[in-house]
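These notes concern the structure reproduced below.
The values are calculated or read from the model by the stated rules, or taken from the named source; none is laboratory data. None of the values given here were measured: they were computed from a predicted structure. Using ideal geometry, Cβ is built from the backbone for each residue, glycine included, and neighbour counts are taken over all protein chains shown.
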Amino acid sequence: MNPGAIIQFLNVTKNYVKGKVTALNGVNLAIDKGEFIVLVGPSGAGKSTLIRLLVREELPSTGKIMVAGRDITRIKERDLPYYRRNVGIVFQDFKLLPNKTVYENVSYALELSDEPDAVIKDKVPRILRLVGLKERANNYPAELSGGERQRTSIARALVHNPKLLIADEPTGNLDEKNTAEVIDLLLRINEAGTIVLLATHDLDIVRSLKKRVICLNNGQLQLVSKGEDKK
Amino acid sequence: MIFTRIKRISKLGIVNTWRNRWLSVPAVFIIMMTLFMMGVFVVLGYIANTTSDTLKDKITVQVDFNDSATEDVIQNLQQKLSQQTGVIATYISKQDALADFKSRTDIKQETRDLITEENNPLPRGLRIRTLDLDNLSAVEEVVREKQFEPYIYKFSYEDNKLLIERVNEATKFIKKAAAVMTTIFVVVAIMVTLNTIQMAIYSRRDEIEIMRLVGASQSYVKVPFYIEGAIYGISAATLAFLLLVLSASYFNSVSASYFRGFNLDAYGILMSHFFQVLLLQLLAGALLGIFSSAISIRKYVKI
């Protein structure tokens, strides 16, 4: 138990197929305010399950998940959208809407949560500037490079000023230069106070980041490195 | 805020229909075809029903009495018949029979002139109509009673028994067939619409997933799809109605030469119920669209 932690997994187990497959087995994890944490592990080790639990796409079989002092396994369905606005998420395959421009892909997220037009007009350009896509606002995803697409999806994840940004293999489809850009952006976002949870199996990134690294293996969590800023 | 929400949700619904037009147009056409077939069978069923009703209304049987029959005997039979359910027996006096005879245009004037009020051999009788042709057997039983036998000159049911039974069977069959076909096509229309919209929504589940992940509230995810469903349904219903009117007018021009003497005025029927049919089609289309969207959404949108 860590009383200062914002996110806590308390003895979380997740079984699939009526208990025959155990994806997570008694996982305990505490993430502090402002932390940048790297999650590694072979495919099928439970990384995706952990992320799906954290955005409440799935419920654990047993255990509690506390976010900002609240057990998210108990959130009612109709309150879920409000919880999800506190958690930004980006994926390996970007998940952008192909028939919307960069600007629209970002503003859409705000429209869907009843933000007034004035707020949208103010916020979207600022976020696009932050991710360095101001010039590309009117382009469609198909006209962008992979890195630009991922930065668009990060911009979308940031519109609600989330307390937590989850990046699930965000650089899996990117070349070296674009990867560096995206990681750099994630670091800047983290410096501004957002917790970043980065799932990856790119060991170069893991080594260069020098952050806390946890590893999921066979549904169990191991600490690999405490990170340099946490001695 | 509620205004902004309504504006955004309707805009999403309309814009999505337009952006997905390569999916929307075929969907609308499929729904239109099934609604059209449904409409055709409703109209055909209606025609079958009214024609068989007019056919049945034309069937009357008549009991003619000997001159030896007293008015008491006739009244007795009339009463007995009227006690049966769905049987109407009308007394035809000699004068009535004469008036009927005089008005028959299928008989030559000279022949008609042979019979006059003073010299009137036409028998008194009871004209019997039944609401259901099945009741005729009960009528037959009553008329066949021993007490009436000596007074009855002629009972027309005997001559036409076979024909009447055939007509009875035929109309029953037509009504049943029309009801079955209409039901089948209503079910088919529902199933096809459901499947079409389900496919349209299935192909967009990524979009739904994205909406969910960016924290869209339920109404933003679902209502645009309901609107889309309603747009599909209403456009399909409008087109189906137009097609129905066109086919009815074509059918009229063709049927006039084939079924002379029968009133198969599909176009007239449609026109006289224009707004009912149109409204019913639109309502059916819209509800079908919304209902199908709601079901498909439930299937693919895990909250």
If you go through B:Glu141, B:Glu117, B:Glu149, the only one that is surrounded by fewer than 12 Cβ atoms within 10 Å (Cβ to Cβ), touching a Leu at 6+ places or on another chain (Cβ under 8 Å), farther than 30 Å from B:Leu270 by Cα and not aliphatic (A, V, I, L, M) is B:Glu117
Selection from segment B:133-147 of residues within 14 Å of B:Gln62 (Cβ to Cβ) and not β-branched (Val, Ile, Thr) yields B:Leu136, B:Glu140
In the set A:Asp175, A:Asp168, A:Asp202, the lone residue that is among the acidic types (Asp, Glu) and within 14 Å of chain B (Cβ to nearest Cβ) is A:Asp168
Does segment A:137-148 contain any residue that is outside any loop (DSSP other than H, G, I, E, B), among the hydrophobic types (A, V, I, L, M, F, W, C) and surrounded by fewer than 21 Cβ atoms within 10 Å (Cβ to Cβ)? yes
Test: B:Val254 is under 20 Å from B:Thr50 (Cβ atoms) and modelled with pLDDT of 80 or more:
no
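Residue by residue, here is whether (1) more than 14 Å from every other protein chain (Cβ to nearest Cβ); (2) assigned to a loop (DSSP other than H, G, I, E, B); (3) acidic (Asp, Glu) holds:
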| residue | (1), (2), (3) |
| --- | --- |
| A:Leu24 | yes, no, no |
| A:Val27 | yes, no, no |
| A:Ala30 | yes, no, no |
| A:Leu39 | yes, no, no |
| A:Ser43 | yes, yes, no |
| A:Arg78 | no, no, no |
| A:Asp93 | no, yes, yes |
| A:Lys100 | no, yes, no |
| A:Tyr108 | no, no, no |
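Let's see how each residue does on (1) crowded, with 21+ Cβ neighbours inside 10 Å; (2) of a type outside the set (Ser, Thr, Tyr):
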| site | (1), (2) |
| --- | --- |
| A:Arg74 | no, yes |
| A:Glu77 | no, yes |
| A:Tyr83 | no, no |
| A:Tyr108 | yes, no |
| A:Asp114 | no, yes |
| A:Asp117 | no, yes |
For the structure I just gave you, tell me whether B:Leu287 is farther than 30 Å from A:Pro81 by Cα and either touching a helix residue (DSSP H, G or I) at 6+ places or on another chain (Cβ under 9 Å) or modelled with pLDDT of 85 or more (or both).
no
Practice task
Could you check, for segment B:65-83, whether at least one of its residues is within 14 Å of chain A (Cβ to nearest Cβ) and either of a type outside the set (Gly, Ala, Ser) or closer than 30 Å to A:Leu112 by Cβ (or both)?
Solution key: no
Taking segment B:152-173 and the residues there that are modelled with pLDDT of 80 or more and crowded, with 18+ Cβ neighbours inside 10 Å, the one that is nearest to B:Gly289 (Cα to Cα) would be B:Phe155
| Yes/no for A:Ile154 being touching a helix residue (DSSP H, G or I) at 6+ places or on another chain (Cβ under 8 Å), within 14 Å of another protein chain (Cβ to nearest Cβ), among the hydrophobic types (A, V, I, L, M, F, W, C) and assigned to a helix (DSSP H, G or I) | yes
Going through (1) in contact with a strand residue (DSSP E or B) (Cβ under 8 Å, 6 or more places away or on another chain); (2) assigned to a helix (DSSP H, G or I); (3) over 16 Å from A:Ser208 (Cβ atoms) one by one, A:Leu187 fails only at (3)
For segment B:17-47, the count of residues that are touching a Ser or Thr at 6+ places or on another chain (Cβ under 9 Å) and within 11 Å of another protein chain (Cβ to nearest Cβ) equals 2
#### Entry: Any hit, segment B:213-224, residues being at pLDDT 80 or above and touching a Gly at 6+ places or on another chain (Cβ under 6 Å)
yes
Examine segment A:162-180 for a residue that is surrounded by 18 or more Cβ atoms within 10 Å (Cβ to Cβ), of a type in the set (A, V, I, L, M, F, W, C) and not in a strand (DSSP E or B), and state whether such a residue exists.
yes
Within segment A:88-98, the residues that are out of contact with any helix residue (DSSP H, G or I) (no Cβ under 7 Å at 6 or more places or on another chain) and closer than 15 Å to A:Ile195 by Cα are none
For segment B:116-168 the number of residues that are assigned to a loop (DSSP other than H, G, I, E, B) and within 13 Å of B:Gln84 (Cβ to Cβ) is 3
Is it fair to say A:Arg136 is within 14 Å of another protein chain (Cβ to nearest Cβ), over 25 Å from A:Gly34 (Cα atoms) and either of a type outside the set (Val, Ile, Thr) or in contact (Cβ under 8 Å) with a residue 60 or more places away in the chain (or both)?
no
Requested in this report: Answer yes or no: is there a residue in segment B:194-211 that is within 14 Å of chain A (Cβ to nearest Cβ), in contact (Cβ under 8 Å) with a residue 40 or more places away in the chain, more than 28 Å from the chain's Cα centre (by Cα) and assigned to a helix (DSSP H, G or I).
Outcome: yes
Per the list (1) touching a helix residue (DSSP H, G or I) at 6+ places or on another chain (Cβ under 8 Å); (2) away from chain A (no Cβ under 14 Å), residue check on B:Val180 breaks on (1)
